[in-house]
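Notes for the one structure printed next.
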């Protein structure tokens, strides 16, 4: 469960990046967050991952009240939240298996468990058999699916996908969206940002529109015509 109650984030005197926004996302929901560049979407995600602290308001994620978080609590919080970016952020000198396993290694997961877990996640994202390839040997869509595998290998409760199809052609974009839908069916809450109106309108999911730091629309199922 994600709860934001009248959250404001101000970086400087030019005005707030987000102003008194309230948002409630149920466990296992799939929510699309849309809006023009600079609307506040990235700030929202940085608040959820605790890269930034709100200037005011309350944030609760998975039962964790952000006001009461100590620095030692941040790793536990971030294990609950996987993040996928537009530009993949893969390690090009490591194989696909090594890229995905790395997320487990830094968490101190035993080698035997890593060997057991990585193939399952590769199968989930449709890349079984490509473990020994390097990122630059794959298509953009395949690389994004590797990034998704790395983000979910620790079984987060929430997956934030920040413009994951922004650099992809339509076919590979839909391959990525189908993986996100599959992950959601397995019980992970998905927050997706996209500027692709076709994706928004085809998915028929809840759409939250942010503009100038405010939530201007929250539709259970709706079409996005841009703002």
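Just a few scattered comments:
- Subset tally (residues that are crowded, with 19+ Cβ neighbours inside 10 Å and assigned to a loop (DSSP other than H, G, I, E, B)) for the stretch 9-33: 2
- Any hit, the stretch 74-89, residues being closer than 21 Å to residue 122 by Cβ, free of Cβ contacts under 8 Å to residues at least 60 places away in the same chain and in contact with a helix residue (DSSP H, G or I) (Cβ under 6 Å, 6 or more places away or on another chain): yes
- Residues in the stretch 57-101 that are surrounded by 15 or more Cβ atoms within 10 Å (Cβ to Cβ) and in a loop (DSSP other than H, G, I, E, B): 62, 69, 80, 85, 86, 88, 90, 95.
- Restricting the first member to the stretch 55-69 and to residues that are on the phi > 0 side of the Ramachandran plot, and the second to residues that are in a loop (DSSP other than H, G, I, E, B), the beta-carbon pairs closer than 6 Å and six or more apart or on different chains are 62/80; 62/157.
- Scanning the stretch 34-56 for residues that are over 30 Å from residue 186 (Cα atoms) and part of a loop (DSSP other than H, G, I, E, B) returns 36, 37, 38, 39, 53, 54, 55.
- Pick from the stretch 34-50, criterion surrounded by fewer than 20 Cβ atoms within 10 Å (Cβ to Cβ) and in contact with a helix residue (DSSP H, G or I) (Cβ under 8 Å, 6 or more places away or on another chain), ranking: nearest to residue 201 (Cα to Cα): 49
- The set of residues from the stretch 119-132 being in contact (Cβ under 8 Å) with a residue 12 or more places away in the chain and in a loop (DSSP other than H, G, I, E, B) comprises 125, 126, 127, 130, 131, 132.
- Residue check for residue 209: at negative phi and out of contact with any helix residue (DSSP H, G or I) (no Cβ under 9 Å at 6 or more places or on another chain): yes
- For the stretch 149-179, filtered to residues that are surrounded by fewer than 17 Cβ atoms within 10 Å (Cβ to Cβ) and more than 15 Å from the chain's Cα centre (by Cα), the residue that is nearest to residue 102 (Cα to Cα) is 167.
We did not get these values from a lab; they are worked out from the coordinates using the rules stated. Remember, it's a predicted structure, so these values are computed and weren't measured experimentally. As a convention, Cβ positions derive from the backbone with ideal geometry for all residues, glycine included, and neighbour counts pool all protein chains shown.
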